[in-house]
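Asker: Structure provided below as structure tokens; questions to follow.
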């Protein structure tokens, strides 16, 4: 069996003040590594998609178009107080042309209808524009993982089941990440249990924000700019 790895959770320079991976570097490095495809999942936008698609096709690897959406479990029209406002991450990937078109719809409507601190989508929008999309349970910032971190495994399972009902059994993945973080070590066993209970496929990702190991310090500085910290 052939062994390969494809990044399906990847932030480029278009994840503003968060991603430090330039599109050209990402594609060149993936191609040099023999990766057959590479994904793009920038925060709340699809600004980098055209450059990413063109560079990947020129390099002979398959571009997988996605977005890490900002998601609210209530309504995108709500305008709560900031300290009462929970915004989660939701990883979305286009499986086909219909999925790409729906990603564009979701990205646009998140700004036009859901913008409040962040461009937000909700279950109602996802239900309307889910054709051709794949979704995952997401990173530690996702709705599912936040329930697990709060000690509510049943609540996390119920949210995962709702995403599964919206997307379909084969289109919703339980996402696993291991970056040596204590919180990931806490939630991963529960995520595996949820995957088994829901008969949901597993997906291992690396929440990639820069291209080369030596870029870590520069990325750390970028985050300091974003968070006004040292």
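Asker: Does residue 220 qualify as being without any contact (Cβ under 8 Å) to a residue 40 or more places away in the chain, assigned to a loop (DSSP other than H, G, I, E, B) and surrounded by fewer than 19 Cβ atoms within 10 Å (Cβ to Cβ)?
Answerer: Here the answer is no, as residue 220 does not meet what is asked.
Asker: When you go through (1) under 24 Å from residue 208 (Cα atoms); (2) in contact (Cβ under 8 Å) with a residue 40 or more places away in the chain; (3) surrounded by fewer than 23 Cβ atoms within 10 Å (Cβ to Cβ); (4) in contact with a strand residue (DSSP E or B) (Cβ under 9 Å, 6 or more places away or on another chain) one by one for residue 86, which number turns out not to apply?
Answerer: Unmet for residue 86, out of (1) under 24 Å from residue 208 (Cα atoms); (2) in contact (Cβ under 8 Å) with a residue 40 or more places away in the chain; (3) surrounded by fewer than 23 Cβ atoms within 10 Å (Cβ to Cβ); (4) in contact with a strand residue (DSSP E or B) (Cβ under 9 Å, 6 or more places away or on another chain): (4).
Asker: Something else about it: Considering only region 143-184, state which residues are in contact (Cβ under 8 Å) with a residue 40 or more places away in the chain, in contact with a helix residue (DSSP H, G or I) (Cβ under 7 Å, 6 or more places away or on another chain) and surrounded by fewer than 19 Cβ atoms within 10 Å (Cβ to Cβ).
Answerer: Matches in region 143-184: 153, 166, 183.
Asker: Still on this model: Condition first: at pLDDT below 90 and over 24 Å from residue 29 (Cβ atoms). Now tell me which residues in region 210-228 satisfy that.
Answerer: Hit for region 210-228 is 227, nothing else.
Asker: Exactly one condition in (1) at pLDDT 95 or above; (2) more than 15 Å from the chain's Cα centre (by Cα); (3) surrounded by fewer than 19 Cβ atoms within 10 Å (Cβ to Cβ) is false for residue 140; which is it?
Answerer: Just one mismatch for residue 140, condition (2).
Asker: Restricting to region 131-158, count the residues that are more than 12 Å from residue 191 (Cβ to Cβ) and out of contact with any strand residue (DSSP E or B) (no Cβ under 9 Å at 6 or more places or on another chain).
Answerer: 7
Asker: Filter region 187-211 for residues that are in contact with a helix residue (DSSP H, G or I) (Cβ under 7 Å, 6 or more places away or on another chain) and either over 24 Å from residue 92 (Cα atoms) or assigned to a strand (DSSP E or B) (or both) and give the result.
Answerer: 202
Asker: Moving to a separate point now. Residues 128, 193, 213: which one is surrounded by fewer than 21 Cβ atoms within 10 Å (Cβ to Cβ) and within 20 Å of residue 107 (Cβ to Cβ)?
Answerer: 128
Asker: Counting just the residues of region 44-57 that are touching a helix residue (DSSP H, G or I) at 6+ places or on another chain (Cβ under 8 Å) and either without any contact (Cβ under 8 Å) to a residue 60 or more places away in the chain or not in a loop (DSSP other than H, G, I, E, B) (or both), which one comes out surrounded by the fewest Cβ atoms within 10 Å (Cβ to Cβ)?
Answerer: Filtering first and then ranking leaves 51.
Asker: On to the next question. Any residue at all in region 60-76 that's farther than 26 Å from residue 174 by Cβ, surrounded by 15 or more Cβ atoms within 10 Å (Cβ to Cβ) and out of contact with any helix residue (DSSP H, G or I) (no Cβ under 8 Å at 6 or more places or on another chain)?
Answerer: Checked against the condition, which is being farther than 26 Å from residue 174 by Cβ, surrounded by 15 or more Cβ atoms within 10 Å (Cβ to Cβ) and out of contact with any helix residue (DSSP H, G or I) (no Cβ under 8 Å at 6 or more places or on another chain), region 60-76 yields no hits at all.
Asker: Let me ask you something else. Would you please name the residue that is surrounded by the fewest Cβ atoms within 10 Å (Cβ to Cβ), looking only at residues in region 8-24 that are touching a helix residue (DSSP H, G or I) at 6+ places or on another chain (Cβ under 9 Å) and closer than 13 Å to residue 211 by Cβ?
Answerer: For region 8-24, the residue satisfying everything is 24.
Asker: Which of the numbered conditions does residue 98 fail, given that it passes all the others? Conditions: (1) touching a strand residue (DSSP E or B) at 6+ places or on another chain (Cβ under 8 Å); (2) within 27 Å of residue 48 (Cβ to Cβ).
Answerer: Unmet condition: (1).
The values are calculated or read from the model by the stated rules, or taken from the named source; none is laboratory data. Here the structure is a predicted model, which means the values were calculated and not measured. Positions of Cβ are backbone-derived with ideal geometry, glycine not excepted, and every protein chain shown enters the neighbour counts.
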